Amino acid sequence: MNLKDIVVGSDTRAPISGGSTLRYINFDNAATTPPFKKVMEKINEFSEFYSSVHRGSGFKSNLSTEVYEQCKEIVMDFVGADKEVNIAIFLKNATEALNKVANMFNLCEGDIIICSRMEHHSNDLPWRRKAEVHYIDIDENGELNLNHFEMLLKLYGKRVKLVTVTGASNVTGYINPIHEIAKLAHSVGAKLLIDASQLVAHRKLDVKDDNNESHLDFIVFSGHKLYAPFGTAVVIGPKEFFNTAEPDTVGGGMVKIVTDDLVYWEESPTKNEAGTPNLMGAVALATAIKQINDIGMVNIEAHEYFLTKHLLHHIKKIDKIRIYGSTEADKEKRLGVVAFNIDGISHGLVAAILSYEYGIAVRNGCFCSHPYVFRLLNLSSEEIQSHRLSILDNDKSKVPGLVRVSLGLYNTLEDMNELVLALNNISEGKIMEKYTINKEQGVYIPENGYFGFSSPFKL
């Protein structure tokens, strides 16, 4: 199977300097992935039968309800969840899913949540509003310091009610030992939540049996990082938790009866899916999972490992490039995500040159993981304060950050070689255009504009 041919847009042409075009190379898969062609086909196929789920008596409504429930079964089977004691709740993205768990988690004064300094803001900020949060620190390579985690557990013991960490970093690709973390969390009676958004498209995820000490109590992931970018995410967790907790969003479709004075909720997951659900997004996610299963996660892992190893081998040889995190490819410890800087050139300028001169898409900045990136860059508190004041003064021209390359299953060896060539040229100062920066946005653009670019898509 040619994996490049199974995604939409793999042959798209991008306008570049000089008015010509090049094949668009996407290395921004940690942000979002393109849809599988099968996902688009299934969406179009199902559109003929689309209707509102639950309570409708018509043929299409009954069929849509059946399909919606099948989607949940496919999602839960994908991660090995026990459907007798766990449920899947569909939401619009992982941020909403994490906020839902945070809003519903019953905490008392003195309770503690343990998070990490590696987290995406979506798995950090919701908890800050709920309880006293303590953070697992990172070591010099950007990996979690498990000794520090054990120290926190020993210090706070039964006061720790929840440990919430990412399955893999969206900055360095470092894979956390989630089942080892689960054992440690459960040893003090805490629950464990894994933000699997970055992990689930690249490694087999197994929540394990609920009686297993390595069990993952809650997991969250989104479709748009799993080749199904149609506005759906899922949280999987204990049925008892969601049935007991008060719903955080209320409205139609989630009640048994409403009187002038009383409300009686449905059982979960219906209780926690207020309003009309995104059925198309659920179909897209389930279809993407079936495609992943057909390819085989072991094959995806091997392919992306080969590409990551190739990339690291070559860019380590470029004198001016500094890689953040591990410089080695390791199937057990990292995904195909590489963060770096080129000495003497802003991360924003590097990203702009790759786009405007080579048709290569990367991401730059702090990737919604500011505390983590600040630590990777070894910024002092004074430097962070200076940058904070500049940003609040609407000047992002000197915001610190990194350049991030993140692989998808459809990337090829040719893609890697094109990137290595481009980075060699940039490091040697072979830059064709002159660039100017928009200080308010922190974005570089060519001084002569976007070469007369006309959008190939219009609504």
Checklist entry - Can you list the residues, at least 5 places off or on another chain, whose amide H is less than 5 Å from the amide H of Asn176, using H built in the peptide plane? => result Ala168, Ser169
Item to check | Karplus-derived 3J(HN,Hα), 6.51/-1.76/1.60, for each residue of the range 95-100, Hz, glycine and proline x | outcome: 4, 5, 5, 5, 5, 4
Next on the checklist: Once you keep just the Cα pairs under 8 angstrom separated by 6 or more residues, what percentage relative contact order results for the range 333-459?
Outcome noted: 33 percent
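Determine the dipole magnitude for the range 1-114: charges of +1 sit on the beta-carbon of Lys and Arg, -1 on that of Asp and Glu, nothing else is charged, the reference point is the Cα centre, and the result goes in debye to the nearest 20.
With only Lys, Arg, Asp and Glu charged at Cβ, the dipole is about 500 debye.
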Checklist outcome for this item: Among Gly19, His120, Phe230, the residue whose Cα sits farthest towards the positive end of the charge dipole of the chain, when +1 is placed on the Cβ of each Lys and Arg and -1 on the Cβ of each Asp and Glu, is Gly19
Checklist outcome for this item: Rounded to the nearest Å, the spacing of the alpha-carbon centers of the range 414-452 and the range 301-379 is 16 Å
Item to check | Furthest towards positive pole of dipole, Val133, Leu216, Val350, structure part the chain, Cβ charges | outcome: Val350
Checklist entry - How far, in degrees from 0 to 90, does helix 381-392 lean away from the longest principal axis of the Cα atoms of the chain, to the nearest 10? => result 90 degrees
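Tell me, what are the semi-axes, in whole angstrom and largest first, of the equivalent ellipsoid of the range 211-280 as set by the roots of 5 times the Cα gyration tensor eigenvalues?
26, 19, 7
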Item to check | Cα-based radius of gyration of the range 39-294 once divided by 2.2 N^0.38 Å, which approximates compact folds | outcome: 1.03
Checklist outcome for this item: Which of (i) 171; (ii) 211; (iii) 136 gives volume of the Cα convex hull per residue in Å³ as computed here? It is (i)
Item to check | Derived scalar couplings ³J(HN,Hα) [the range 187-198; Karplus, 6.51 cos²θ - 1.76 cosθ + 1.60; whole Hz; x for Gly, Pro] | outcome: 5, 10, x, 8, 8, 10, 10, 10, 7, 9, 4, 7
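What number comes out for the charge environment of Pro177, summing +1 per Lys or Arg and -1 per Asp or Glu over other residues with Cβ under 10 Å away?
Residues near Pro177 contribute -1 overall.
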Checklist entry - In debye to the nearest 20, how big a dipole does the chain give about its Cα centre with +1 on each Lys and Arg Cβ and -1 on each Asp and Glu Cβ? => result 680 debye
Next on the checklist: Can you compute the helix-only [θ] at 222 nm over the chain? Use -39500 (n - 2.57) per DSSP H run of at least 4 residues, normalise by all residues, nearest 500 deg cm²/dmol.
Outcome noted: -10500 deg cm²/dmol
Next on the checklist: If I fit a long axis through the Cα atoms of helix 347-358 and take the longest principal axis of the Cα atoms of the chain, what angle between them do I get, 0 to 90°, rounded to 10?
Outcome noted: 70 degrees
Checklist outcome for this item: Here FRET efficiency (C-beta to C-beta, Ile257 to Asn106, R₀ 25 Å, nearest 0.05) is 0.50
Next on the checklist: With +1 assigned to the C-beta of every Lys and Arg and -1 to the C-beta of every Asp and Glu, and no other charges, what is the dipole magnitude of the range 39-294 about the Cα centre in debye, to the nearest 20?
Outcome noted: 200 debye
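Read the figures in this text as sums done on the coordinates, not as results from a lab. Predicted, not measured: the structure shown is a model, and the values here were computed from it. So basically every Cβ, Gly included, is an ideal-geometry build from the backbone, and we count neighbours across all protein chains shown.
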